[in-house]
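This report concerns only the one structure given below.
Values in this text are rule-based calculations from the coordinates and carry no lab data. Just so it is clear, the structure is predicted and the values come from calculations on it, not from any experiment. All Cβ positions, glycine included, derive from the backbone under ideal geometry; neighbour counts span all protein chains shown.
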Amino acid sequence: MIMKKTLSFLLFIFCVFSSQAEIIKTKVKSDAMNKDIPCVIITPTNYNPSATYPVIYLLHGYGGNQNTWPDIKKDLSQTATQDSIIFVCPNGENSWYWDSPFNKESQFETFISKELVSYVDKNFSTRNDRTGRAITGLSMGGHGALWLAIRHQDIFGAAGSTSGGVDIRPFPDNWDMKKQLGEYINNKEIWDNHTVINQINKLQDGKLAIIFDCGFKDFFFEVNNNLHNTLLKQGIAHDYIVRPGEHNSQYWGNSIDYQILFFKKFFQKRLPK
């Protein structure tokens, strides 16, 4: 009986160690901003350096940080192991993931699309081309994911957004955006050029795999519908999902499952580079 209890205890310790070992908390140097950016990287428990893994970048919303997605989705480690995927969760501060024309300390487009991707590919065994990279996020991060993917289609092959602020212009006084872009009334052209819905002309049908969703009761519901209709008019294929829900973690914890499945199918297709 004592031997059984000892073995059970050792097994418990091993399992705890294993589950923790796949969650890597690190800091990635940004030369563009001259500072270190906290990140959480989640690898499969059975990570094998001789294999190659696709990567999903998960961006948080306003007021969040690198721990937002791991806190919302407690089973990300299990998903990483089950689907052989690496998840990368960077701290994007309240940047909206732009390279701010006014704030040199907020150059997160460069950080995510170049510096972070380069770091992950250098330090992990990844499928290091666009066929092995997807990016999505919630709220501000949904805007950021589509913004980055559309503008860097050589880097990302698939993109998503859940409850994303995909058109920022109806909200000129919200979420510190004017700290990055200036006051809307004096910088309308800058705001026009920094909103996702005005980036659609950069897309060609079939080049970027796109999925986005929004809840009926979300304050971003209308702008997501507008994005959907704009993509339809431009003939850009995409998945758009509308379901009951509000702007909260309960909704995002559910919606991300569908997006991960979408990305998994994308990875399996191995689209042309």
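Where does segment 89-243 land on Rg/Rh, using Cα atoms and the Kirkwood Rh? Please report the intermediate quantities before stating the final value.
Details: Rg = 15.1 Å, Rh = 15.8 Å.
Expressed as Rg/Rh, it is 0.96.
Need one number: % antiparallel among DSSP beta bridges in segment 33-123, to the nearest 5.
Once the DSSP bridges in segment 33-123 are tallied, antiparallel ones form about 60 percent.
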(message) Restricting to bridges with both residues inside segment 22-269, how much of the DSSP beta-bridge set is antiparallel, in percent to the nearest 5?
(response) 35
(request) Specify the angular offset, from 0 to 90 degrees and rounded to the nearest 10, of the alpha carbon long axis of helix 140-151 from the longest principal axis of the alpha carbons in the chain. (result) 80
(request) Return one number: the angle in degrees, 0 to 90 and rounded to the nearest 10, between the long axis of the Cα atoms of helix 221-234 and the longest principal axis of the Cα atoms of the chain. (result) 80
(message) Within 10 Å of each candidate Cβ there may be at most 14 other Cβ atoms; applying that plus a DSSP loop requirement, which GluC sites (Glu not before Pro) in segment 82-142 survive?
(response) Glu105
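By the gyration tensor of its Cα atoms, with a ≥ b ≥ c the square roots of the eigenvalues, what is the shape of segment 171-273: rounded for a/c under 1.5, prolate for a/b over b/c, or oblate?
Values: a/c = 2.06, a/b = 1.31, b/c = 1.57.
Oblate.
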(request) Mind checking segment 194-264 for trypsin sites (Lys or Arg not before Pro) that DSSP puts in a loop (not H, G, I, E or B) and that have at most 16 other Cβ atoms within 10 Å? (result) Lys207, Lys217
(request) List the residues whose amide H sits under 5 Å from the amide H of Ile135, counting only those 5 or more places along or on another chain, with H placed 1.01 Å from N in the peptide plane. (result) Tyr57, Ala158, Ala159, Gly160
(message) Would you work out the Kirkwood radius for the chain? I mean one over the mean of 1/r across all pairs of different Cα atoms, in Å.
(response) 19.1
(request) Would you work out if segment 41-128 is rounded, prolate or oblate? Take a ≥ b ≥ c from the square roots of the eigenvalues of the alpha-carbon gyration tensor; rounded if a/c is under 1.5, else prolate when a/b is larger than b/c, oblate otherwise. (result) oblate
(request) Quick one: order Cys39, Cys89 by neighbouring beta-carbon count within 10 Å, fewest to most. (result) Cys39, Cys89
(message) Given points 7 Å out from each Cα along the Cα-Cβ axis, report the Ile200 to Phe171 separation in nanometres with one decimal.
(response) 1.9
(request) Could you let me know the centre-to-centre spacing of segment 183-215 and segment 70-111, using Cα atoms, in angstrom? (result) 19
(message) Counting only helical runs of four or more DSSP H residues, what would the 222 nm mean residue ellipticity of the chain come to if each run contributes -39,500 (n - 2.57) and the total is spread over all its residues?
(response) -11000 deg cm²/dmol
